[in-house]
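I have placed the structure first, in the form of structure tokens, so that the comments after it can refer back to it.
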Amino acid sequence: MRSLRVFMQVTPTSVVVLDPSNEAKTIENPTVLMADFGLWIKTDKSLSLYTWERVAHIEFGDEASVQKVWEEAILTVFEDLLEDMEDEAEFESEEETPEPEPPAEESNDEPNADDPNANPYN
């Protein structure tokens, strides 16, 4: 399971998306919300949602946005790495758990009372 934050609001310098006719469209200085499922783009005139498959390029030019996005990217990478390590540790511990062995048949000289061929009077 991916551990991204649900939303992150930033202001990129520009965003290039594919419109419904698959033409590249550049939007300058929008406010965006980055979500797991796509990119909300807000301008003075509109609000649009583009799935990640339709987002071609996002450029961050101002230092505050660069820092915020970079910190979020690093955090996401470390969260994913930690989750992968936890999953691997769980998998290894499951592999190391020994299967219970079936009880060994006791080899004593007394006849087995459940054996129809056993003679209890020997």
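Where residues in segment 47-66 are at pLDDT below 90 and assigned to a helix (DSSP H, G or I), which of them is surrounded by the most Cβ atoms within 10 Å (Cβ to Cβ)? For segment 47-66, the residue satisfying everything is S65. Of the residues making up segment 2-12, one or more are surrounded by 15 or more Cβ atoms within 10 Å (Cβ to Cβ) and at pLDDT 90 or above. Does L81 satisfy the criteria of being at pLDDT 85 or above, under 12 Å from the mean Cα position of the chain (by Cα), within 30 Å of T13 (Cβ to Cβ) and surrounded by 10 or more Cβ atoms within 10 Å (Cβ to Cβ)? So L81 fits the description; yes. In segment 23-38 there is at least one residue that is touching an Asp or Glu at 6+ places or on another chain (Cβ under 9 Å), modelled with pLDDT of 85 or more and hydrophobic (A, V, I, L, M, F, W, C).
The values are calculated or read from the model by the stated rules, or taken from the named source; none is laboratory data. Fair warning: this is a prediction, and the values are worked out from it, not measured in the lab. Counting neighbours? That spans all protein chains shown, and the Cβs are built from the backbone with ideal geometry, glycine included.
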